[in-house]
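A short worksheet on the structure shown next.
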Amino acid sequence: MDDPREVRQQIREGKWRRPTAGLAPGFVQTNLAILPRDLAFDFLLFAQRNPKPCPVIEVTDVGSPEPKLSAPGADLRTDVPKYCIYRNGALEGEVTDLRSVWRDDLVSFLLGCSFTFESALLQAGVPVRHIEENRNVPMFISNIQCVPAGMFRGPLVVTMRPIPARLVSRAVQITGRYPGVHGSPVHVGDPAIIGIRDLAKPDFGDPVTIRPGEVPVFWACGVTPQAVAMQAKPPLMLTHAPGYMFITDLRNEELAAS
């Protein structure tokens, strides 16, 4: 499926319930964090202080599920394949529709996603293993702490992609052109340095094959707000399920630095 509106319609109708990597190539996918109005300013400040994991693409009007700037006519309550509901820091459950828990005081944040720069990596001949293996990208909770804001504080979540050693510099250069979707890596090489013990056991997503001669490369991840929710314990936070993104009408190149 190449058209983002068609993809969203398929998701809304329950015809797509899998991770979204590779869908609507060329169009921006985003992470989603939804919070009550009284916490929205502190979260916006948190995002502003932590632009690597939380690059803001759009903030909706209070109570509106429509991202009017990035996907007019879309509905953030139904157009993501899977959502997470966090209450007081605990994952209450995963659902495919938020209408039953929607409130008029909710504010939605669309945050840049590294799926956006994967198209550029592939075009440059840099392999993206989780797409090759039809898996969800592996995500890990690191020992790197975010800059706190109000009640929001916690660890940085990272995605990992194994890159052939000869292509690491190319991957760094390419992703650095996309500061609005996490940009360049936060770490290259030994995962233990950032607190990751076992690459075969991601905290979110699926493990992928790491071949001889490949280096694990780590990028900041928009699942960070979910790790922050577990630590900060807001009374309510609604998010996408890791790897199940919202697809906008924005084109990837609109977020590329010149």
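Each value in this text was obtained by applying a stated rule to the coordinates, not by laboratory testing. Everything numeric here is computed off the predicted structure, so don't read it as measured data. For neighbour counting, all protein chains shown are included, and Cβ atoms are generated from backbone atoms with ideal geometry for every residue, glycine included.
All conditions but one from (1) farther than 22 Å from Pro55 by Cα; (2) touching a helix residue (DSSP H, G or I) at 6+ places or on another chain (Cβ under 6 Å) apply to Arg197; the one that does not is (2). Considering every residue within segment 3-18, establish whether at least one is surrounded by fewer than 22 Cβ atoms within 10 Å (Cβ to Cβ) and under 16 Å from the mean Cα position of the chain (by Cα). Yes, segment 3-18 contains a residue that is surrounded by fewer than 22 Cβ atoms within 10 Å (Cβ to Cβ) and under 16 Å from the mean Cα position of the chain (by Cα).
So which residues in segment 190-210 are free of Cβ contacts under 8 Å to residues at least 60 places away in the same chain and exposed (fewer than 14 other Cβ atoms within 10 Å of the Cβ), if there are any at all? If the condition is that a residue be free of Cβ contacts under 8 Å to residues at least 60 places away in the same chain and exposed (fewer than 14 other Cβ atoms within 10 Å of the Cβ), then Asp190, Ala192, Ile193, Arg197, Asp198, Ala200, Lys201 are the ones that fit. Picking from residues in segment 168-185 that are in contact with a Phe, Trp or Tyr (Cβ under 6 Å, 6 or more places away or on another chain) and part of a loop (DSSP other than H, G, I, E, B), the one that is nearest to Lys52 (Cα to Cα) is His182.
Residue count for segment 86-107, restricted to those that are buried (at least 18 other Cβ atoms within 10 Å of the Cβ) and within 23 Å of Lys15 (Cβ to Cβ): 1.
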